[in-house]
Amino acid sequence: LGHMRHLDGVVYIGNPGTDLKRKALLFDRFHVWEFHDDEHVKTEDYEAEIDYLRSKDIVIDAPSFRLEDFSESLEQHHFTDGFAFVRDLETKRTIPPEYIEQASLASARDLLNRYILSKINRAPDCDLVSICELPPPVPSDGKSTPLNVTTVASIALERFPAPDPTTSWEDILAFKAEERDKEWAFRRWIHSLATKNLSEAEIREEIEWSLNEYSKAMVVHKIKASQSFIDVLVISPLEIIENIVKLNWSKIAKGLLQVKKRKVELMEVEMKAPGRESAYIFDARNRFAAKTSQV
C-alpha cells in the first residue's frame, strides 16, 4: 500500500463547540492548546473524550508557550491583516457589539494559533496547518496571493458534515479506514489546488463544482442500476429456503457472483465519474446524513 502523508491541525479547544469529530473526517491528528483560565466548564465526558483521543494518538498537546513571547513576535501586519474581519464587521452597524467582541477574541486566538504552529517541529511526512475560527486574513495591501494548504484545507473542511454528538469516535475512525483511498485522493487534490494561483472564491467554486458533478453521476448510476440490482437481491423467501434445502449451490453462487459484479461496476463508475476527486466528501455526507446538520 502507498503511504498517505499525515494531515495534522493546530487547534484551540477552549470552546465547547470545537467539533473535533467533524474535523477528524479530514485531519489525522490535532495539536491542541487552551488557556489555563478558560471559562468553560470541563465536564467528565469532555475530559474522557480528550483522554481517549490522546490514547489513540489523535490528540497531541501543543508545546507550552508564554504570552510575553507571543506578544513580542507580533508585527504591524499581524494586527492589520489579522483583525481585518473585525474591522469589516464594525462598518456594518447592524452587527451587535457583543458579536464584534467575540470576533475580536477569536481573531486574537487565531493569531496565537498560527504562532504555536510555528513552534512545532513537523515530521517530513506531515502537513501541519492552523485550524482557525475565522476566515483567513486578506493582506492589507490588497494583492492577490496564492493560497496555501492551510487556507485550502479550511475551505474544504466547510463542506464536510457535522456528525451528531452521539456518533461514536469508533464510527468516525472506521469510516476513515474504509475510505482510506478516497481520502488520500481528496487530499492530493486539495494539495494540488493550493499550488495553483486561485482565489478563495475560485477554490470554493472548484470544490462545489466537483461535488455537484459527482453527486449527479452517482444519482444517474443509482437509477440505472436499481432494476438490475433488485433482480439480483429481491428474491422470495420461499425461493431462498428452497435453494438452501435442495443445496442448489449453483443458484446461490450465481446470485453472489451477480452481487459482486454490481460492486465492481459501482467501483468502475466511481473511478470514471466527473468530480470523483470529491467522492470522499460525498461518502461522508451519506454515511452521517441521518445525524448531520450540513453547512
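The values are calculated or read from the model by the stated rules, or taken from the named source; none is laboratory data. Not measured: the values here are computed from a predicted model. As a convention, Cβ positions derive from the backbone with ideal geometry for all residues, glycine included, and neighbour counts pool all protein chains shown. The accessibility values were calculated without ligands, DNA or RNA, using every heavy atom of the protein model including side chains. Shrake-Rupley method; radii C 1.70, N 1.55, O 1.52, S 1.80 Å.
Return a whole-number percent for the relative contact order of segment 49-132, with Cα pairs under 8 Å and 6 or more residues apart as the contact set. Could you put the intermediate results ahead of the total?
Details: 33 pairs, mean separation 25.0, N = 84.
Reported as a whole number, the value is 30 percent.
What is the set of long-range amide H partners of His31 at a cut-off below 5 Å, with H atoms built 1.01 Å from backbone N?
Amide H neighbours of His31: Gly9, Val10, Val11, Ile60.
Taking only protein heavy atoms into account and a 1.4 Å probe, give the accessible area per residue of segment 1-114 in Å².
60 Å²
Picking from Ala84, Leu53, Ser118, whose Cα lies most toward the positive end of the charge dipole for segment 43-136 (charges on Cβ: Lys, Arg +1; Asp, Glu -1)?
Farthest towards the positive end: Ala84.
For segment 117-123, in order, what is each residue's ³J(HN,Hα) by Karplus, 6.51 cos²θ - 1.76 cosθ + 1.60 with θ = phi - 60°, in whole Hz (x at glycine and Pro)?
4, 5, 9, 9, 7, 8, 6
Please give the charge dipole size of segment 1-110, origin at the Cα centre, charges +1 on K and R Cβ atoms and -1 on D and E Cβ atoms. Round to the nearest 20 debye. Display every interim value, and only then the final one.
Numbers: 13 positive and 24 negative charges, 119 e Å.
In total the dipole reaches around 580 debye.
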